[in-house]
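Before any comments, here is the structure.
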Amino acid sequence: MKHIIFTLLVLTAFHSCSQPTPVNQNLNITADNLVEEIAKQVKNYPSERIYGLGYSNDNCYFDMFVDGIRAYRYPGRGVVGSTAIEINELLFHSGKHTISYKMYPLYTLEEEGVTTTQNTLVDDSYVALDVYSYNLKDKNEGDIFYAKYGTPNIAIKNAQGDTIYKFAGSGKAYYEGSFEVELDVPYLLQPPFATAQDLRKMDQKLLMTKLLAKYKEVWQIYKNRELDNIARLEFDKLKYYAVSHYATKEVIKENWEYLYDNYKNTSFEMQPLANYKLEFFADGKLVALMLDTKDNKIRGNTALWIKLKDEENTPVFFNRYFYIPQGETEFKV
């Protein structure tokens with residue numbers, strides 16, 4: 001089985017002394033009943049498959065997406081071997097799914113004490129992906145593979161007349177690709193943004209005005225440590241994770257308590273909403289303000305983030321995405 005990097009979101013839970021106005025979603029959810037409400041949604045099945053997206057790369061940074069929703073950003077120059085993320089929480093139904101990626105150059109590269117600039121992808125940049133699953137109900141069953149993909153190369157002649165191969169996107173500042181795969185899951189999830197408005201068709205000035213106002217609202221919720229409101233914001237994503245991973249109530253409770261205990265006493269500094277760019281996901285149904293930077297420690301994340309007051313000023317990101325339901329005018333998270 002591959003080495004898995006779990007993508008269970010960072011759940012920040014904080015105390016609040018004030019009585020804030022509830023956010024406009026999941027109004028029945030509180031910090032106290034979140035575990036119980038999620039547990040009601042989970043079912044178990046004779047076969048419980050966990051799907052993984054394996055990857056390797058070199059001489060690039062890259063993002064991975066499932067059906068247009070960002071699944072993971074690999075922040076390193078390259079990784080070789082069996083490394084993977086789990087993607088069940090992004091598989092809302094059985095059928096055809098699109099796996100896509102976006103590649104970026106390294107920008108700055110340090111080797112043997114020498115720093116070089118690399119503003120474009122190079123001849124030996126590559127990304128390799130595979131989709132597989134294993135069965136939680138049968139530990140003796142091996143991995144099943146559904147698709148393998150590698151970035152395209154082109155054949156050229158070198159000075160000696162020999163045929164060599166180089167990455168098709170060499171010399172570009174950006175490269176993307178995708179492939180499709182059929183996958184079966186025993187559950188059916190109905191994400192609230194499934195029938196949301198296509199925000200690309202909205203007046204972009206109005207979109208930015210309304211989106212920034214919503215960001216400021218959510219920013220304030222985290223800053224004020226409004227536990228119940230944070231639970232409402234986190235509920236949907238936590239629910240998708242639990243249902244798609246067939247989690248027991250005990251596991252849900254342990255995850256909540258572990259994350260709560262780790263964050264409730266942590267000092268932090270909310271970072272200002274600055275240096276961002278607008279980006280759409282899921283065919284325009286989701287939108288986010290993404291940090292506009294070449295700093296590889298923080299790039300690829302949304303503009304909602306904090307720095308922990310530790311020796312390294314560790315960044316922690318609240319990668320929230322926003323949508324507007326059909327027939328409504330206000331953003332939800």
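Things to note:
- Among the residues listed as N28, N88, the single one being at pLDDT 90 or above and open to solvent by 50 Å² or more (accessible area, probe 1.4 Å): N28
- Selection from the stretch 177-201 of residues that are under 19 Å from the mean Cα position of the chain (by Cα), surrounded by 14 or more Cβ atoms within 10 Å (Cβ to Cβ) and within 23 Å of G54 (Cα to Cα): G177, F179
- Residues located in the stretch 134-186, provided they are among the charged types (D, E, K, R) and under 30 Å from K96 (Cβ atoms): K137, D138, K139, E141, D143, K148, K172, E176, E180, E182, D184
- Residue satisfying all of: in the stretch 279-303; closer than 19 Å to K205 by Cβ and either open to solvent by 50 Å² or more (accessible area, probe 1.4 Å) or in a loop (DSSP other than H, G, I, E, B) (or both); modelled with the lowest pLDDT among these: D292
- Residues of the stretch 304-324 classified as touching a strand residue (DSSP E or B) at 6+ places or on another chain (Cβ under 8 Å), part of a loop (DSSP other than H, G, I, E, B) and open to solvent by 20 Å² or more (accessible area, probe 1.4 Å), total: 5
- Here R70 clears all of (1) open to solvent by 30 Å² or more (accessible area, probe 1.4 Å); (2) at pLDDT below 70; (3) in a strand (DSSP E or B) except the condition numbered (2).
- For the stretch 221-238, the tally of residues that are in a helix (DSSP H, G or I) and in contact with a Phe, Trp or Tyr (Cβ under 7 Å, 6 or more places away or on another chain) stands at 3.
- Subset of the stretch 166-175 [within 27 Å of the chain's Cα centre (by Cα) and open to solvent by less than 70 Å² (accessible area, probe 1.4 Å)]: F167, A168, G169, S170, A173, Y175
- Residue within the stretch 154-165 that is surrounded by 14 or more Cβ atoms within 10 Å (Cβ to Cβ) and over 20 Å from I69 (Cα atoms) present: no
- Under the condition of being aromatic (F, W, Y), open to solvent by less than 50 Å² (accessible area, probe 1.4 Å) and either under 28 Å from R49 (Cα atoms) or at pLDDT 95 or above (or both), the residues counted in the stretch 248-268 number 1.
- One residue stands out in the stretch 137-153 among those that are assigned to a strand (DSSP E or B) and small (G, A, S): the one that is surrounded by the most Cβ atoms within 10 Å (Cβ to Cβ), namely A147.
- Residue pairs meeting the criteria (Cβ under 8 Å; at least 6 apart or on separate chains; first outside any loop (DSSP other than H, G, I, E, B), in the stretch 170-193; second open to solvent by 100 Å² or more (accessible area, probe 1.4 Å)): E180/K96; V181/K96; E182/K96
Here's the yes/no breakdown for (1) closer than 30 Å to N119 by Cβ; (2) open to solvent by 50 Å² or more (accessible area, probe 1.4 Å); (3) in a loop (DSSP other than H, G, I, E, B):
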site	(1), (2), (3)
Y240	no, no, no
Y246	no, no, yes
K277	yes, yes, no
E330	no, yes, yes
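The values are calculated or read from the model by the stated rules, or taken from the named source; none is laboratory data. All values reported here derive from a predicted model rather than from experimental measurement. Note that each Cβ is placed from the backbone with ideal geometry, even for glycine, and that neighbours are counted across all protein chains shown. Surface areas here come from the heavy atoms of the whole protein model, side chains and all, with no ligands, DNA or RNA. Shrake-Rupley method; radii C 1.70, N 1.55, O 1.52, S 1.80 Å.
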